[in-house]
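Beneath this line is the structure, given in structure tokens, with notes to follow.
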Amino acid sequence: MSHPDTPVPAADATGRALVPTEAAAPPPPVPARPLATFLVQLIDGPTGRLRPSRLDRSRAASARYAAASGHQGY
């Protein structure tokens, strides 16, 4: 490791520095309610009630299918 991976400039060589030409923009503000869109998906109809859980909806659908086909559930 006596030789570096990148060449070392001579002591009298001019340097090249990266200088920003514009002021950095401030970070965008964080929304007040980041989960609002997720919660909107859970609201059921104009009454504003929350939807039943997926498990409850699956059980109700299974019961409806069983009733429509004439079979009783397990």
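Please treat every number below as a calculation from the coordinates, not as lab data. Fair warning: this is a prediction, and the values are worked out from it, not measured in the lab. Backbone-built Cβ (ideal geometry, glycine too); neighbour counts: all protein chains shown.
Given R0 = 30 Å, the distance between the Cβ atoms of V40 and S62 translates into a calculated FRET efficiency of 0.65.
Between the Cα long axis of helix 54-69 and the first principal axis of the chain there is an angle of about 40°, rounded to the nearest 10.
With a/c under 1.5 counting as rounded, go ahead and sort the chain into rounded, prolate or oblate using the C-alpha gyration tensor (a ≥ b ≥ c being the square roots of the eigenvalues; past the cut-off, prolate if a/b is larger than b/c, else oblate).
Since a/c reaches 1.5 but b/c is at least a/b, the shape of the chain is classed as oblate.
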